[in-house]
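One structure is given below, encoded as C-alpha cells.
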Amino acid sequence: MLEGFNTSAATFAADVDQAFWIHIVISIGLFLSVVAPMFYFAWKYRADKVKKEEIGTLTHHTGLEITWTVIPVILLMVFFYYGYSSMKVLRTMPAESESIVVKVEGSKWKWEYEYPANASGHVHKIGGAFQKPKLDENGKVLEKGTMGISALYVPVNTNVILEMTAPLNDVIHSFYIPAFRMKEDVVPGRTTKQWFNASEVGEYDIECAEYCGTDHSYMYSRLVVLPQEEYNAWFNSTDNTPKGNYAKSGDALVQRHGCTQCHAIETDKVLVGPSLKTRFTKEQVLDVINNGQDQLGYAMGAMPGGLVTGADAEEIAAYVAGGMKGEKPASFAACSSCHGEDGKGMGGMSPNLVGYDATLMSHVFKNGKVGMIGRMPAYPNMSEEEISAIAEYLENVK
C-alpha cells in the first residue's frame, strides 16, 4: 500500500498540501454552485408544478452573467497562483555547492544510488532489488529483507539533488516518495533532476509510479533520513551502508542485483528469463544454432547461424541441453572447434556450454544479452569479485 500521506517529511510538502486542499475546496464549491441549483430548480419547476401559460422567455440577465464569469475567473487565478507557487518551489533547484548530489539509476526492477566521493576518495554505490521484511501474525520479523542495502541514506535538514536516469535499453520509471509529495520520471538515455530537503528523521517509502513491466509493483526502495552526525560518520567511512557491509555471498548478490525477478534459480520454472539452474534448454540451443550469436564480445568473434541443420541440429541441441552427458554425437564436431571437446569454452575464448563460469558471467554482465524472451541489461559496474561469487553459487546450485 502507499504509505506516507499522513506525514509531511520534506520542506516543500506543506506547500504542495496547501495547493492541493485549496484546489479541492474551490472545486467542491464550483461543483455545488452548479449542481445544487440544478437539482433545486429541477424540483421547484418540475412539470406538474408549472402551467404552460406561466412559462416565460428570459433572453439574458446582465448582472448574473457578469457574476458567473468574474467569480470563476478569480477562482481560476487562485488555482493558478497556488499551483504555480508550489511547482516553483519543487522545480527550483538549490545550488549544487550547497547540496548533496546523488546519482540514481532506475532499471527493471530496482533503484541504485551512487554518492560523490568522500574525503578519502571512496564512492558509495548501493541499492538493488528490494525485498520487504517478512513478518509473522504478531509482527515479529522472520526475514530482514534487503532494505539495508537498497535504501537511499540522506542527512536531515540538507538539500539533496537527485540526478536520475535509466539504461538505454530499459523503460520509463518514476521515482516517487509519497511522504515528500515528490515524483519525477526516470527516462532511458536522459538525465532528469529533482531535489528535496528532509525535515524529519525517519524512514519513508520509495516507489515506482510508472508501470514498467512484470515486477513494477515490487520496485520498492526506502529513504532513510539520518541525523547529520550519523550520516557524516557513514559517508566518510568505507562501509557499504550505515547498517554495515552487505553480504557478498553468491546467493545474497543474486538477490541484491534482482536476478530472481527474471530468472528462477532453485527450480526449473521459467519466469521472464530462463532458469539458471540449467545452462540451456533444447529450444535455446536450437535458436542459437539457427540464428547465430554475436553479443558477448568473446575473442572467437561471431558465431554464424546455420552451421548445422536438420537432424544434426536437433541432436546437438539435445546433447548440450542435457549437460553434455552420455555419448557425444559426431555432429558436435561443428561446435568443438570453438567451444572445445568438453564444451567449456577453450579457456575463455568462447562461451562455456556446460555451466555459468566466471568468464561467461563476466561477458554477460558487461555486455547484456538478447535472448528468445527479451533483453537482459548490462551491469557494467559489477565487480569481478561479485561475478565470481555469483558463478560459484550457480555452479553449486547446478
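Values computed for the structure shown
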{"quantity": "For peptides 162-173, 306-317, sequence by mean Cβ density within 10 Å, most packed first", "calculated": "162-173, 306-317"}
{"quantity": "Entries in 248/328; 140/369; 110/140; 193/366; 325/369; 134/183 that, when Cα-Cα distance is taken, lie over 32 Å", "calculated": "248/328; 140/369"}
{"quantity": "Phi-based couplings in Hz for the stretch 26-35 (Karplus 6.51, -1.76, 1.60; Gly and Pro marked x)", "calculated": "5, 4, 5, x, 5, 4, 5, 5, 9, 6"}
{"quantity": "Over the stretch 96-246, relative contact order from alpha-carbon pairs under 8 Å, at least 6 apart, %", "calculated": "26 percent"}
{"quantity": "Derived scalar couplings ³J(HN,Hα) [the stretch 203-211; Karplus, 6.51 cos²θ - 1.76 cosθ + 1.60; whole Hz; x for Gly, Pro]", "calculated": "10, 9, 5, 10, 9, 9, 9, 10, 4"}
{"quantity": "Anisotropy class of the chain from Cα gyration tensor, a/c 1.5 cut", "calculated": "prolate"}
{"quantity": "Cut-off under 5 Å, modelled amide H: who pairs with residue 208 long-range", "calculated": "219"}
{"quantity": "Backbone HN-Hα couplings from phi across the stretch 377-388 [Karplus 6.51/-1.76/1.60, Hz, Gly and Pro as x]", "calculated": "x, 6, 10, x, 8, 5, 7, 5, 4, 5, 4, 5"}
{"quantity": "If the convex hull is drawn through the Cα atoms of the stretch 96-246, its volume per residue in Å³", "calculated": "123 Å³"}
{"quantity": "Cβ-placed point charges (K, R +1; D, E -1), dipole of the chain about Cα centre in debye, nearest 20", "calculated": "940 debye"}
{"quantity": "Gaussian network model of the chain, springs between alpha carbon atoms under 10 Å - residue of 28, 74, 55 with greatest fluctuation", "calculated": "55"}
{"quantity": "Rounded to the nearest 20 debye, dipole of the stretch 255-397 from Cβ charges on Lys, Arg, Asp, Glu", "calculated": "320 debye"}
{"quantity": "Most fluctuating residue given options 119, 36, 14, as computed from a GNM of the chain linking Cα atoms under 10 Å", "calculated": "36"}
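Computed from the coordinates by the stated procedures, all read-outs in this text should not be read as laboratory data. Here the structure is a predicted model, which means the values were calculated and not measured. Please note: Cβ atoms are built from the backbone with ideal geometry, for glycine as well, and neighbour counts cover all protein chains shown.
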